[in-house]
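Everything below concerns the one structure shown next.
The values are calculated or read from the model by the stated rules, or taken from the named source; none is laboratory data. Note that the coordinates shown come from a computational prediction; the quantities given were computed from them, not determined experimentally. As a convention, Cβ positions derive from the backbone with ideal geometry for all residues, glycine included, and neighbour counts pool all protein chains shown. The accessibility values were calculated without ligands, DNA or RNA, using every heavy atom of the protein model including side chains. Shrake-Rupley method; radii C 1.70, N 1.55, O 1.52, S 1.80 Å.
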Amino acid sequence: MSGVAEPILHVDMDAFFASVEQRDDPALRGLPVVVGGAGGRGVVAAASYEARRFGVRSAMPMVRARRLCPHLVVAPHRFEAYREASRQVMEILQGYTPLVEPLSIDEAFLDVSGAVRLFGPPVEIARRIRLEVREQVALPCSIGVGSTKSVAKLLSAKAKPDGLLHWPADEVGARLRPLHVSELWGAGPKTVERLTAYGFRTVGQLADADLRTLQRVVGEVTGNHLHHLAHGRDPRSVTPTNPTKSVSAEQTYDEDIDDPDVLRRQLLRLCEKVGRRLRTAGLAGRTITLKVRFASFETVTRSSTLPAPTDRTHDLVTVATGLLDGLRLERARVRLLGVGVSNVGDGDTARQLSLDAPAELFPLEATGDATGWSDRRWEDVDRVADTVAERFGGLGVSFAALLDDDDDEARPGRDGRHDDG
């Protein structure tokens, strides 16, 4: 890889969403804080370490979290604040190396092999990063320093909260051996369950196992991967670009929805949100997916792929509404509704394609709607709505159908995200 023995850093923000809330509201510091929906069907998106001492964890139903910790403080999501904090952290990381690979909003890998002459050894770089994040963003983070991505990620988890851990490359094999197999990055719950059923509990047992035996237990690809990780080997390099594969939004409702008109209005809200996220990120996508979860917890998805990418809210509404109508629900009780866009690419490229391509490639644009509007007019509407929302902090131009929407008729529970830091 390089002349540096342990060039990989994994930076992981600690209880990220909850830490931002405690940073911005000093009254919350030292208290058990969670971020998430406060309603009966709300879910914990992030839990402070004070809350974790009571057994509260991310992705836990809020009802259970309150039972575990009756004096729990529930803070609503503030995604703009989290995105801004993430942007500041990533800017700090990129000040040390261009080889930064974000895994999510609150964690990233760095390859600092080319930065040691300027900033010192990897451990010193990790110390400097932690200090800068603390001083400039006022948030704690944990960092693992290792010879490979998998080792660095394992160490950042062990360093939590607010710590730094480094294993010399020549000690990795021995230090891995006593660990439980679940600590290997890439060993998911089902894989771990299968391994333990066959008597593989420690990383050392995986390292000593015959490769063919291991492959018979968990499959050829997974077996080979885990065999390498158990010996401290991981060929994966830090990849600076990690393109977005999809953009989505979903809501779980405190009360099941069985009114078709209410469902359609909620669908409009989700399409607005997804459209704005696409345009903010400069993306456009071809495949639009509808997700519906019923009161019985049965979940169905339906997708439609357009001839060319779009970031227009009107297109999302048109396709998603058609998918919803195709389900013919007839008063079925809906617990969750979601809209997603995949097959995404650069939004400017998509818009240029729509200007240059023949009309038959854009059936929506060619036909317009009942008012005779073309989709290029809808692009103008989107631009106005986005500008108003940005200028007035989220208040924006919306569909007339939503103006009479009573918030009590379908109160949203959560936005479908959680933070494991």
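In a reduced charge model with +1 at each Lys and Arg Cβ and -1 at each Asp and Glu Cβ, the stretch 16-84 shows a dipole moment near 400 debye about its Cα centre.
Phi-derived couplings, Karplus 6.51 cos²θ - 1.76 cosθ + 1.60 at θ = phi - 60°, listed residue by residue for the stretch 188-200: x, x, 5, 5, 4, 4, 5, 4, 5, 4, 9, x, 8 Hz, with x used for Gly and Pro. Listed cross-link partners Lys160/Lys190; Lys149/Lys190; Lys153/Lys273 are compared with a 28 Å cut-off, the Cα-Cα value being larger for Lys153/Lys273.
Between Ser342 and Ala281, the simple spin-label model (points 7 angstrom out along Cα→Cβ) gives 1.3 nm. Evaluating 6.51 cos²θ - 1.76 cosθ + 1.60 at θ = phi - 60° for every residue in the stretch 340-345, the Karplus couplings come out as x, 10, 10, 6, 8, x Hz, glycine and proline recorded as x.
The relative contact order of the stretch 82-175 comes to 18 percent, based on Cα pairs under 8 Å that sit 6 or more residues apart. Among the protein heavy atoms, those of Leu283 account for about 30 Å² of accessible surface (1.4 Å probe, every chain in place). Database remark: amide H of Gly163 closer than 5 angstrom to the amide H of Ser142, Ile143 (H placed geometrically; neighbours at sequence offset of 5 or more, or on other chains; Pro and chain starts carry no H).
In this simple spin-label approximation, Asp256 and Asp208 carry label points 7 Å from Cα along the Cα→Cβ vector, and these lie 5.3 nm apart. Taking 0.36 nm per residue of sequence separation and removing the Cα-Cα distance, the His231/His180 pair yields an extension gain of 17.0 nm.
The distance between label points at Glu220 and Leu103 comes to 2.8 nm (points 7 Å beyond Cα on the Cα→Cβ vector).
Karplus-based coupling profile of the stretch 259-273, in residue order and whole Hz: 8, x, 5, 5, 4, 5, 5, 5, 5, 4, 4, 5, 5, 4, 5, with θ = phi - 60° in 6.51 cos²θ - 1.76 cosθ + 1.60 and x standing for Gly or Pro. When the residues Leu278, Leu118 are ordered by accessible surface, computed with a 1.4 Å probe over the protein chains alone, the sequence from largest down reads Leu118, Leu278.
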